[in-house]
Structures are given as structure tokens and as C-alpha cells.
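Report on the structure given below.
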Amino acid sequence: MNFPERNRSFKPPKELKDYPVGTAFPAGHLVDTNAAWRSLRPVIDAIKCSNCLICWLLCPDGVIHRNSEGGLEIDYDFCKGCGICSKECRQKAIRMESEGE
Amino acid sequence: MVEKRAFISGNEAVAAGVCLARPHVIAAYPITPQTTVIERLAEMVEDESLRAEYLHVESEHSALSACIGASAVGARTFTATSSQGLLYMAECLHYASGGRFPVVMMNANRSVALPWNIYGDQRDSLSLLDCGWIQAYAEDAQESLDMILHAYAIAEHPDVLTPMMINLDGFVITHTYELVTIPAQSDADLFLAPFQTSNKMDFDSPMSLGFTAGPAYNQAFKQLQHLAMLSASRVIREVEEKFGQLFKRNYSGLLETLYCDDAEYIIVTLGSVAGTLRPVIERLRALGERVGLVRIRYMRPFPLEEIRKALAGAKAVGVLEKDISFGFEGTVYTNVNSALMSANLMRPRLRNFIGGLGGKNISAQDVEMMFSRLKSSDEGERVEFI
Ligand code: SF4
Ligand code: SF4
């Protein structure tokens, strides 16, 4: 997979001196998740999926990833639940499931 | 190359100062009365007396955006604008200060429409006092040139890293010809080291630039900007001291005072109009009147302690400015009043004189009238248009 790893050892700044000057910081620091507002979760049915990669191309957040076996995985830490992947999938292989009450 | 004397306009003095600072990138869009600055710089780049990338952009918004982008790779940058152009940049002003990109800009103070008008007042820059830029106001062409050199040294200082705007009164400074000393390039190079920053895009130490900071962290960045701006007060003094040693021209930090040690009646102002006040004050002094002048050179950082000290012994103080915050008072007056109110001093009587809007002339007679208003104990209008 070629998406950035989350930096789980990142320590958020506590005092002013811990902050960078300006808005520049060493790259690759994905430090937080950002998906709390998702009400519907896309779930891929691997049996129906033809691996056409349309969803992979069209996901506006780039959170559908190809794993080492060539299959697809959705990064639920960042998927916003927009449903574009499900709408665009010609095999109807992506179901939008409720995240619960 | 040696220092030379030249009879040039304020705008040409700015261009000469910028040339001496060796910027890598200049991006600007022409607007009266700033145009001749960037025309002169374009000529310098064309004839290779200045080796810089000159970007012809389609708007002021793009001009400052381009400077921010260039600054983000560690380039020294310059832009210039005026009035509507400055307002069109407003969004980018915050980007530059928030990102801590030490862009240097010259602003030709000019009225803001409507009614349409190209002449000088200070409503353009003073309405943007809160955008996180260091704001300086020059009195003449020589100070304009020198302030450009100061500006790079101040803005790029690691304790400051804050963009700086040098304001010249439209036409009165920008288009008036004066005898100006232009430092030798070798001396300018001694004064101003090349720009160095770790806050940049760099292949050897990759950074993510212009990131997001949510509610938990955003305020800390703003607090850091505030502290950096406060540090600028000290850095300005250090820079001017070094400049004075090298060039034998001395400046007095955030403000300049004239006869404030024993003056009872003081006018506080900024920009070129101080030149109108000086001879009147000399004349009144010769008649035995204890009058004085405070010329604010920097509105941000604000000369808080300096104002308190300069006005400590005054009976009455008038703040003269080319600006009005409609429905209240002049913004400079608000700042001066706040500095005095928050100090445990005997407070002098304070009056606000608004003048020069849209280029309206402020004459020597007007200055005499203001001093006589200050002397009369009658309260009168708090805010008076002259
Ligand atoms: S729901 Fe939207 S964000 Fe989530 S994987 Fe599908 S397209 Fe991407
Ligand atoms: S669009 Fe549908 S079929 Fe195509 S790869 Fe995505 S899930 Fe599989």
C-alpha cells in the first residue's frame, strides 16, 4: 500500500515552544483521524468486485487503497462516507451501510 | 561602487533600496501612485543591473500570492501596491503573516473609493492594521529608501519572521523629488545578509507547508505571531543601530519626538505631514510656545512605552491623521488613547484631528489652528475634521 502511515508516536504540542514557526512542518505527519461525521460506511463485496478500479480513481479523498494482493481496502479513518464510490461502481459491489444510531 | 547622491522621487528611492536588497523575486501589478516603483524595477531587471525574477501578474491578489510562493522556497521577495490594490490583497496579507513569510511591500497611501480618488490618505493601510504585518510610515524619500533596507533585516530576523509594509504618502512622498543618498552596493551587502530560513520548501528537508490547525491548536499560532510582532520592537532598534553605524544616518525606532521633553502641547502624527509641522513648531518655539511633535514611524508594533514617555508631561495632545473609523474616531487616535489610558499617568487632554482625506491639503495655518485648539481649555469636538 502506498498511502501515508499515520504517525502514532506524534506528540501534540503542549507549550508555545513546541509549535513550529509558521505553517511548515516535516512532511508525512498524518496525526489525526478525520471521519467522525460519516453516517454511511462503504463496504466492498470482494466477490462482486471486478477490480476495475473506478472507485479507486474517483474517491475524492483518495482513501481507497490497493493492498499487496491487488484487492481494495477502504481507510475508514479518513473515508467521509460520501458514497461516490458506491454510486459509480458498475458492479454494484459497494454497499453503503448505516454507521448505527 | 560608491555611495552616490541623486535627485529622485520617493518611488525611485524605494526602487533603489529594493535593488540594493537583491530580491530574488518581484511580483507586482501597477496602480497609481505606486506605478513608477515597479516601472523602475522592471527597467533594472531588463538592463540586468538587478538580477531578479520579475513576475508580471494579473492582479494584486496574484502579486502577493506569488511573493508568498517564492518566499516559501526561501526567496527574498518584493511587491508594491496602493489603495484598492492593497484591499484586493487583503486575504493574502493574512496568509503571508500567518505563514510567517517575510515579504516586503511598499504601499503608496491613497484614498479608497468611493468617491473615486487617486490622492493620498491613510485609510487603505490603517484599515488593515490587524492583518499581522509590521507597518511603517516614512516621512521622506531618504527614509523610504532606508526603510526598505531595514525592512528586510527586520522581517527576515529569526525572532520576527513577519512580513513588513512600508507606507509612503501617495504623491507627497511617492512623486516628490528630493536629494537622496544611495548607499554603495558593497555597504548594503555588509548591512543585509542573504535571507536564510528553515520555514521553507526544501528537497533536503521536506516539509508540509500551509497546514491546517484546528480549534485546539490554532490560537497558539496566533499567539506566536503576536509575540514575534512584539519582538520586532527590539529588532527594529538593533537594525537601525547597525544601519546608523554603517551609513551615519540614525533613526529613532518606533517613533520620533521633537521638543517633547518640555512641550505642553504636542501633535502626534505620521507620514509626510510631519514635514509641514516642523517649521510651524520651530516658529512657535521661537515665540516661546512650548509645542512639540511625535511622529509615529511604526503603527505595528505599536510604540506603547514610547508614546507614554513622550506624552507624559503634556497638557494637551492632538492626534492628526488621514484616516477615520466612521462612527467613532481616527484609528491612530484610538491607539494613542489606549496607550495612555492603560498607563498610570496624568492623562493629557486629547483631541483628534482628521485631515488630508482624499488628498485634502493640510496647511501651516491648519497646524497653527490645531495648536491653538489644544491651548484652549474649551472641550470642543473630540473628533474634528480640518
Ligand atoms: S464513501 Fe466517499 S470517501 Fe468513502 S471511500 Fe467511498 S468515495 Fe471515498
Ligand atoms: S468500482 Fe466496484 S468493481 Fe470497480 S474496483 Fe471499485 S468496487 Fe470493484
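What the table shows:
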| read-out | value |
| --- | --- |
| Chymotrypsin sites (Phe, Trp or Tyr not before Pro), loop per DSSP, at most 10 other Cβ atoms within 10 Å - longest free stretch of chain B | B:204-325 |
| Helix-derived mean residue ellipticity, 222 nm - over chain B, DSSP H n ≥ 4, -39500 (n - 2.57), to 500 | -12000 deg cm²/dmol |
| Listed pairs B:LYS248/B:LYS309; B:LYS248/B:LYS375; B:LYS4/B:LYS360; B:LYS200/B:LYS242; A:LYS11/A:LYS87 exceeding 30 Å between Cα atoms | B:LYS248/B:LYS375; B:LYS4/B:LYS360; A:LYS11/A:LYS87 |
| Furthest towards positive pole of dipole, B:LEU287, B:GLY275, B:PHE326, structure part the protein assembly as shown, Cβ charges | B:PHE326 |
| Calculated log₁₀ intensity ratio I(q)/I(0) where the Debye formula runs over C-alpha points of the range B:4-247, q = 0.08, 0.09, 0.12, 0.15 Å⁻¹ | -0.27, -0.35, -0.63, -1.00 |
| For the range A:39-101: relative contact order, % (alpha-carbon pairs under 8 angstrom, 6 or more apart) | 51 percent |
| The range B:40-91, accessible surface, carbon-and-sulfur percent (1.4 angstrom probe) | 48 percent |
| Heavy-atom SASA rank of B:HIS56, B:HIS150, B:HIS24 (probe 1.4 Å, accessible area, largest first) | B:HIS56, B:HIS24, B:HIS150 |
| Charge dipole magnitude, Cβ of K and R +1, D and E -1 - the range B:4-247, Cα centre, debye nearest 20 | 480 debye |
| Point-charge dipole on Cβ atoms (K/R +1, D/E -1) for the range A:34-101, about Cα centre, debye to 20 | 320 debye |
| Diffusion coefficient, µm² s⁻¹, Stokes-Einstein with Kirkwood Rh over alpha-carbon pairs of the range B:255-385 at 20 °C and 1.002 mPa s | 147 µm²/s |
| Extreme residue, positive dipole direction of the protein assembly as shown, given options B:SER111, B:ALA141, B:ASN335 (C-beta unit charges) | B:ASN335 |
| Relative contact order computed over chain B (Cα-Cα under 8 Å; 6+ residues apart), in percent | 17 percent |
| B:THR36 accessible area, 1.4 Å probe, all protein chains in place, Å² to nearest 10 | 50 Å² |
| Within the protein assembly as shown: Cβ-based charge dipole about Cα centre, in debye rounded to nearest 20 (Lys, Arg +1; Asp, Glu -1) | 820 debye |
| Buried accessible area, chains B and A (both chains, 1.4 Å probe, Å² to nearest 100) | 1300 Å² |
| Potential lengthening between B:ASP159 and B:GLU384 on full extension [0.36 nm per residue; Cα-Cα distance subtracted] | 77.0 nm |
| Angstrom value of the Kirkwood radius, inverse mean 1/r, which spans all Cα pairs in the range A:39-101 | 11.7 Å |
| With every protein chain in place, the range B:255-385: carbon and sulfur % of accessible area (1.4 Å) | 51 percent |
| Solvent exposure of the range B:1-139 as accessible area per residue, Å², 1.4 Å probe | 37 Å² |
| Residue (of B:PRO206, B:ALA75, B:SER62) at the positive-pole extreme of the range B:4-247, dipole from beta-carbon charges | B:PRO206 |
| Kirkwood Rh, angstrom, the protein assembly as shown [1 / mean 1/r, Cα pairs] | 25.3 Å |
| Cα-based equivalent ellipsoid, the range B:4-126: semi-axes from gyration tensor eigenvalues, Å | 22, 19, 12 |
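The values are calculated or read from the model by the stated rules, or taken from the named source; none is laboratory data. None of these values were measured; they are calculated from a predicted model. No Cβ is skipped: glycine too gets one built from the backbone with ideal geometry, and neighbour counts run over all protein chains shown. Heads up: the accessible areas ignore ligands, DNA and RNA and are worked out on the full protein's heavy atoms, side chains in. Shrake-Rupley method; radii C 1.70, N 1.55, O 1.52, S 1.80 Å.
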